[in-house]
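Taking it in order: structure first as structure tokens, then the write-up.
The values are calculated or read from the model by the stated rules, or taken from the named source; none is laboratory data. Everything quoted here is computed from the prediction, not taken from an experiment. Glycine also receives a Cβ, built like all others from the backbone with ideal geometry; neighbour counts cover every protein chain displayed. Calculation scope for accessible area: heavy atoms of the full protein, side chains included, ligands and nucleic acids excluded. Shrake-Rupley method; radii C 1.70, N 1.55, O 1.52, S 1.80 Å.
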Amino acid sequence: WDLDRFLKDMRQRRIPEDVVEVARKLHEFADGLRREPGYDVTWGKGAIQGTFTCKKLIGSSWVTLFSVSSDGKLWLDFGMKQKDLLGQALETLHQTVTQIPGVSLPPDVLEPGVSRYPSFPLQRFVNPEHLDKFKEAIWFLVNVESSHAN
């Protein structure tokens, strides 16, 4: 997958153009992070739908900041590795994204021993203020240095 194929797939799925634009902006945001050491954007290898994932290197482990799929969804990773490496920062992410109208997370998403990978329709981020709030939450994660990483 690449950006052109990804956006084309979204349009073929009849995803509204304003939602396609949110995906493009999120890729642009992720690509901007990738220009810094310790960040990457990877493309999925799916045959049916495309994904891109924005990642951060903490210590020797890559952690997912967010993923976007060509079916019009944004995915967050509240898995065990994330909790070990990001800790309190995930609580801030939780508090920030749940302030966006229409975005909710499972009640147990922050509990130890529980892995969750919630997704939201990109439609929730069409409002530029909502997209900016999400980016702010990711910037907070970007600036976290975990004590577990050393």
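Listed values, structure above:
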quantity	calculated
First in the range 54-80 and more than 20 Å from residue 11 (Cβ to Cβ), second anywhere and part of a strand (DSSP E or B) and acidic (Asp, Glu), Cβ under 6 Å, 6 or more apart	55/40
Qualifying position, being of a type in the set (Val, Ile, Thr), under 18 Å from residue 114 (Cα atoms), assigned to a strand (DSSP E or B) and under 13 Å from the mean Cα position of the chain (by Cα), among 68, 63	63
The range 1-33, subset among the charged types (D, E, K, R) and within 16 Å of residue 66 (Cα to Cα), residue most open to solvent (accessible area, probe 1.4 Å)	28
Boolean, residue 40 is at pLDDT 90 or above, assigned to a helix (DSSP H, G or I), on the phi < 0 side of the Ramachandran plot and in contact with a helix residue (DSSP H, G or I) (Cβ under 9 Å, 6 or more places away or on another chain)	no
Residue list for the range 106-120, restricted to those being in a loop (DSSP other than H, G, I, E, B) and either in contact (Cβ under 8 Å) with a residue 60 or more places away in the chain or in contact with a Leu (Cβ under 8 Å, 6 or more places away or on another chain) (or both)	110, 117, 118
Residue under evaluation residue 54, criteria (1) in contact with a Ser or Thr (Cβ under 9 Å, 6 or more places away or on another chain); (2) at pLDDT 90 or above; (3) open to solvent by less than 40 Å² (accessible area, probe 1.4 Å); (4) assigned to a loop (DSSP other than H, G, I, E, B), criterion not met	(4)
Sole exception among (1) more than 11 Å from the chain's Cα centre (by Cα); (2) open to solvent by less than 40 Å² (accessible area, probe 1.4 Å); (3) aliphatic (A, V, I, L, M) for residue 138, by number	(1)
Whichever residue in the range 70-122 is surrounded by fewer than 17 Cβ atoms within 10 Å (Cβ to Cβ) and among the acidic types (Asp, Glu) and, among such residues, is modelled with the highest pLDDT	71
